[in-house]
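The values are calculated or read from the model by the stated rules, or taken from the named source; none is laboratory data. A quick note: this is a predicted structure, and the numbers were derived from the prediction, not measured. Positions of Cβ are generated from backbone atoms using ideal geometry, with glycine treated the same way; all protein chains shown enter the neighbour counts. Quick note on the areas: whole protein, heavy atoms, side chains included, nothing else; ligands and nucleic acids left out. Shrake-Rupley method; radii C 1.70, N 1.55, O 1.52, S 1.80 Å.
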Amino acid sequence: MPSFDIVSQIDAQEVDNAVNNVLKEVDTRYDFRGVNTEINLNKKTNTISLVTGDEMKIKAVKDMMITHFTRRKVDPRSLDFGKFEPTSNGQLKQEVKLKEGIDKDTAKKIVKMIKGTKMKVQAAIQDDQVRVTGKKLDDLQAVMSLVREASELDMPFQFVNMKK
């Protein structure tokens, strides 16, 4: 029976490249001269920590990150920007979480959305992914386009393990 998996993954190497590109751009920008700016990627916890001078600089780094992530073909919706907090030496810091995997609530929304179409497919939650099976490939492709176009989910999705 044909099936595929809906997943939300990010390429760790491309994330690393994007963060390094942002660091290079910060070093060359005039408005960051004389401002101590740190951007650290923690691969174990999937977080990026930003430390810089003021709110305007944090917003500039955020815009640079979104631009470089898009250039490296990593969906910027996988970035979850936290609130910025003051540090002890007068700067601001912000945590950016990298969203990977589909959480239970989002998976339930996907399954409910698929069942609401009344197509002859089955959707099942498996850890941090959703498996969709059906008899017709056309139905599976319709489910793919349905999930791609669902704006309320606000997550990047990939479709893997397509079996015919």
In the range 55-164 the accessible area split gives carbon plus sulfur, as whole percent at 1.4 Å, a share of 49 percent
List the residues, sorted by chain then number, that are 5 or more residues from S8 or on another chain and whose placed amide H is less than 5 Å from its amide H. G101, I102, Q158
From the phi angles alone, apply the Karplus equation (6.51, -1.76, 1.60; θ = phi - 60°) to the range 6-19 and give each ³J(HN,Hα) in whole Hz, x where the residue is Gly or Pro. 9, 10, 10, 10, 10, 7, 4, 5, 5, 4, 4, 4, 5, 5
Stretched out fully, how many nm does the piece from K108 to N42 gain, at 0.36 nm a residue minus the Cα gap? 20.8 nm
Folded to 0 to 90 degrees: helix 104-116 orientation relative to the chain principal axis, Cα: 40 degrees
Simple Cβ-charge dipole of the range 60-164, Lys/Arg +1 and Asp/Glu -1, about Cα centre, in debye nearest 20: 540 debye
Relative to the longest principal axis of the chain, what angle (0 to 90°, nearest 10) does the C-alpha long axis of helix 137-149 take? 30 degrees
Of V19, M64, V132, which is farthest on the positive side of the dipole of the chain, counting Cα position, with +1 on Lys and Arg Cβ, -1 on Asp and Glu Cβ, and the Cα centre as origin? V132
Give the distance, in whole Å, between the Cα centre of the range 1-61 and the Cα centre of the range 90-136. 24 Å
Gained length - R71 relative to E55, 0.36 nm times residue gap less alpha-carbon distance: 3.3 nm
At 7 Å along Cα-to-Cβ for each site, give me the label-to-label distance between K115 and E95 in nm. 3.4 nm
State the volume of the convex hull built on the alpha-carbon positions of the chain, expressed per residue in Å³ and rounded to an integer. 121 Å³
Given the pairs K24/K99; K115/K164; K73/K136; K44/K83, which span a C-alpha to C-alpha distance of over 29 angstrom in this model? K73/K136
Quick one: accessible area per residue over the chain, 1.4 Å probe, rounded to a whole number of Å²? 60 Å²
